[in-house]
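Have a look at the structure below, then the notes.
The values are calculated or read from the model by the stated rules, or taken from the named source; none is laboratory data. Fair warning: this is a prediction, and the values are worked out from it, not measured in the lab. FYI the Cβ positions are ideal-geometry reconstructions off the backbone, even for glycines, and counts take in every protein chain you see. Heavy atoms of the whole protein, side chains included, go into the accessibility calculation; ligands, DNA and RNA do not. Shrake-Rupley method; radii C 1.70, N 1.55, O 1.52, S 1.80 Å.
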Amino acid sequence: AQKVTQAQTEISVVEKEDVTLDCVYETRDTTYYLFWYKQPPSGELVFLIRRNSFDEQNEISGRYSWNFQKSTSSFNFTITASQVVDSAVYFCALSEPHPLDQAGTALIFGKGTTLSVSS
Amino acid sequence: SQTIHQWPATLVQPVGSPLSLECTVEGTSNPNLYWYRQAAGRGLQLLFYSVGIGQISSEVPQNLSASRPQDRQFILSSKKLLLSDSGFYLCAWSAGNYGYTFGSGTRLTVV
């Protein structure tokens, strides 16, 4: 069965520190998609990244970077030089292809990591 | 462009009262639709998903039900709310390319 584990419940850092949020997943499929979402205090989910299982290249977007390692079933997220606006709950999620539906199965989320960045 | 509407934004209901949350999608056809719940301080739990009109899959047995009367309309209901039904409810849709779009959510407090 699919499972996403975010072992860090809460992380507190001071501005300008780098922080890494861990994500470990379980799936029996060879084709799957991994996601990261940000949930600010307002509650809406903000899409950050989607990565398919065949693309193990690390990705960088501004202060954000992602490290995908199939060998350890991990998809970790690093924020460089953190800012107060980065304070939020961050979710890692997994989706697998549906055999009858191109849109895939539902997203299965980890429990989230609450990041607090203080000034 | 595709948009997703979810209402109401907040709701306070007494225990034992009925519930109806509505979600509609615009700008796409035959989307997959989902209901998620987030209890206070906890993660996102998949409640229901639908791949077409009248096709509903329930992930967690509970006091809630879902219906899809039209292609782009997804309704979450309860006949009698429990205190444990309190939480933040999110509707989402996807249609190809594994892109998922979430609504702005409904914060339900059962008192």
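Observations on the model:
- Given 16 as the ceiling on other Cβ atoms within 10 Å, longest exposed-site-free region of chain B for trypsin sites (Lys or Arg not before Pro) in DSSP loops: B:1-41
- 1.4 Å probe accessible area per residue over the protein assembly as shown, in Å²: 48
- Order of exposure, largest accessible area first, which applies to A:GLU17, A:GLU10 with probe 1.4 Å: A:GLU10, A:GLU17
- Under 5 Å from the amide H of A:ILE11 lie the amide H atoms of A:THR114, A:LEU115, A:SER116, each residue being 5 or more positions distant or on a separate chain, with H modelled from the backbone and absent for Pro and chain starts.
- Carbon plus sulfur fraction of accessible area for chain A, probe 1.4 Å, in percent: 49
- Across region A:3-17, computed HN-Hα scalar couplings (Karplus, 6.51 cos²θ - 1.76 cosθ + 1.60, θ = phi - 60°) run 7, 10, 10, 10, 5, 7, 7, 9, 9, 10, 9, 9, 3, 6, 6 Hz from first to last residue, x flagging Gly and Pro.
- The lysines within cross-link reach of A:LYS3, meaning a Cα-to-Cα straight distance under 25 Å and a gap of 8 or more places when in the same chain, are A:LYS38, A:LYS70, A:LYS111.
- Number of partner chain Cβ atoms within 10 Å, mean per residue of A:105-118: 4
- Computed label-point distance, nm, for sites A:ASP18 and B:LEU82 using a 7 Å Cα→Cβ extension: 4.7
- Listed residues B:LEU76, B:LEU90, B:LEU11, most fluctuating in chain B (Gaussian network, C-alpha, under 10 Å): B:LEU11
- Under 5 Å between amide hydrogens, built in the peptide plane, is the criterion, and for A:THR105 it picks out A:GLU96, A:HIS98 among residues at least 5 positions away or on other chains.
- Vicinal HN-Hα couplings computed from phi for region B:74-89 (Karplus, 6.51 cos²θ - 1.76 cosθ + 1.60; Hz; Gly/Pro x): 9, 10, 10, 9, 8, 7, 9, 6, 10, 4, 6, 7, 4, x, 10, 9
- Within the shell of other residues whose beta carbon sits under 11 angstrom from the beta carbon of A:ILE11, the net charge comes to -4, with Lys and Arg scored +1 and Asp and Glu -1.
- Every pair of different Cα atoms in region A:3-118 enters the Kirkwood calculation, which places the hydrodynamic radius at 14.5 Å.
- Ellipsoid semi-axes for chain B, based on the Cα gyration tensor and the rule √(5λ), read 23, 14, 13 Å when sorted largest first.
- Estimated translational D of the protein assembly as shown in µm²/s (Stokes, Kirkwood radius over Cα pairs; 20 °C; 1.002 mPa s): 117
- Excluding ligands, DNA and RNA and using a 1.4 Å probe, chains A and B jointly bury around 1800 Å² of accessible surface, summed across both partners.
- Taking amide H positions as modeled 1.01 Å from N, with prolines and chain starts lacking one, the residues under 5 Å from A:SER87 and 5 or more places away or on another chain are A:VAL117.
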